[in-house]
1. Given (1) in contact (Cβ under 8 Å) with a residue 40 or more places away in the chain; (2) closer than 30 Å to Pro246 by Cα; (3) open to solvent by 50 Å² or more (accessible area, probe 1.4 Å), identify the lone condition not met by His170.
2. Test of understanding: among Gly211, Gly217, Gly232, Gly222, which residue is farther than 26 Å from Asp184 by Cβ and surrounded by 11 or more Cβ atoms within 10 Å (Cβ to Cβ)?
3. Do you know which residues across the range 187-204 are of a type outside the set (Phe, Trp, Tyr) and in contact with a helix residue (DSSP H, G or I) (Cβ under 9 Å, 6 or more places away or on another chain)?
4. Counting just the residues of the range 133-190 that are part of a loop (DSSP other than H, G, I, E, B) and of a type in the set (A, V, I, L, M, F, W, C), which one comes out nearest to Glu234 (Cα to Cα)?
5. Quick one: in the range 105-116, of everything that is more than 8 Å from the chain's Cα centre (by Cα) and touching a residue at least 60 places away in the same chain (Cβ under 8 Å), which residue is nearest to Leu15 (Cα to Cα)?
6. Within the range 62-112, can you find the residues that are part of a loop (DSSP other than H, G, I, E, B), modelled with pLDDT of 75 or more and either buried (at least 18 other Cβ atoms within 10 Å of the Cβ) or on the phi > 0 side of the Ramachandran plot (or both)?
7. Step by step: first the residues of the range 2-26, then only those that are on the phi < 0 side of the Ramachandran plot and more than 27 Å from the chain's Cα centre (by Cα), then the one that is least open to solvent (accessible area, probe 1.4 Å). Which residue is that?
Amino acid sequence: MQRYRNVIKGSAAELNWLNAMVKKGWLLADVHGSRYDFTPTTTNYRLFTEYVPVDVETTATTNAVFTVLATATLKQPAIKVLYTGTTDPKLLAGIGTVTKDDPLQLKVALGLRNHLWNLVNVWTLGWVVAFTVMLMVLVGIQAPGWAFEVGPIIWLIGVVLGISQIVPIHRQVRQLRRQLQDYDDAWRPTWHIFLYKMPAAPDLTPIEDLGAWRLVGQDHHGTYWYDLQTMGNEATIREALQPLLPPHTEIRILSNLGLWPL
């Protein structure tokens, strides 16, 4: 039996799904991209996943307790996901899940999200070419008006289906970024922060991990204007700033639109 699913390889969500399939009598046999091959089983297995280097000899990990069921080699990042199963009663009764490696899992999630976006882009580009040809043919044969709507509808359905696959992956990416405080190459909203009645520039070193700070300007009246790229909200920013500022300092925080506080 085969099932197709776009899920982050090595994630808890994938592992829970695979173990649920075992309870239904289907044991993982192979993994090819988004395709999962299963074989019938009457044995109660428990599956585990692990990230390993690509050049690791996976058959060497097979022993009396764990059996290698499948492997999946990823390109972004270049690693291998190892799927193992066990019938050991002690492990079957345990509570463990996927081996925790959140930094690597974030890279895997980003790679999957980029792959899915590329598929949507290819679909769009392909339909631009195909629909151009279709228009020429439809005009040539003087097709009825409804025929000209078929192409855009098919394109829209494909885009909606593609984005529906991307959204849950994107949510997990955001969750992992917040857990790890890793926002490299990520878009973050820009907040415009104005500090009034300051005797000198504040020392923002204690709250550098809040986001990327940039001094935009200052005047001779003690006003400092900073831009902050962060995933935090206004309350979080204000709470972090207040202990670092004199009591009489006024704080004004504008949204990334630059118009209204959020």
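The values are calculated or read from the model by the stated rules, or taken from the named source; none is laboratory data. Bear in mind the structure is a predicted one, so any value in this text is a computation, not a measurement. Using ideal geometry, Cβ is built from the backbone for each residue, glycine included, and neighbour counts are taken over all protein chains shown. These area figures cover heavy atoms from the full protein model, side chains too; ligands, DNA and RNA do not enter into them. Shrake-Rupley method; radii C 1.70, N 1.55, O 1.52, S 1.80 Å.
1. (2)
2. Values: Gly211 fails: farther than 26 Å from Asp184 by Cβ; Gly217 fails: surrounded by 11 or more Cβ atoms within 10 Å (Cβ to Cβ); Gly232 fails: farther than 26 Å from Asp184 by Cβ.
Answer to the check: Gly222.
3. Within the range 187-204, Ile193, Leu195, Pro202, Asp203, Leu204 meet the criteria.
4. Step one: list which residues in the range 133-190 are part of a loop (DSSP other than H, G, I, E, B), which gives 141-146, 181-189.
With of a type in the set (A, V, I, L, M, F, W, C) added as a condition, the list becomes 141, 143, 146, 186-187.
Values: Ile141: 59, Ala143: 56, Trp146: 50, Ala186: 20, Trp187: 18 Å.
Result: Trp187.
5. Keep residues of the range 105-116 that are more than 8 Å from the chain's Cα centre (by Cα), which gives 105, 107-108, 111, 114-116.
Still in the list and also touching a residue at least 60 places away in the same chain (Cβ under 8 Å): 105, 108, 116.
Values: Gln105: 13, Val108: 15, Leu116: 21 Å.
Step by step, filter the range 105-116, then rank; the result is Gln105.
6. Of everything in the range 62-112, those that are part of a loop (DSSP other than H, G, I, E, B), modelled with pLDDT of 75 or more and either buried (at least 18 other Cβ atoms within 10 Å of the Cβ) or on the phi > 0 side of the Ramachandran plot (or both) turn out to be Leu74, Ile79.
7. We begin by selecting, within the range 2-26, every residue on the phi < 0 side of the Ramachandran plot; these are 2-9, 11-24, 26.
This time we only want the ones that are more than 27 Å from the chain's Cα centre (by Cα), so: 23-24, 26.
On the way: Lys23: 177, Lys24: 150, Trp26: 72 Å².
So the residue we want is Trp26.
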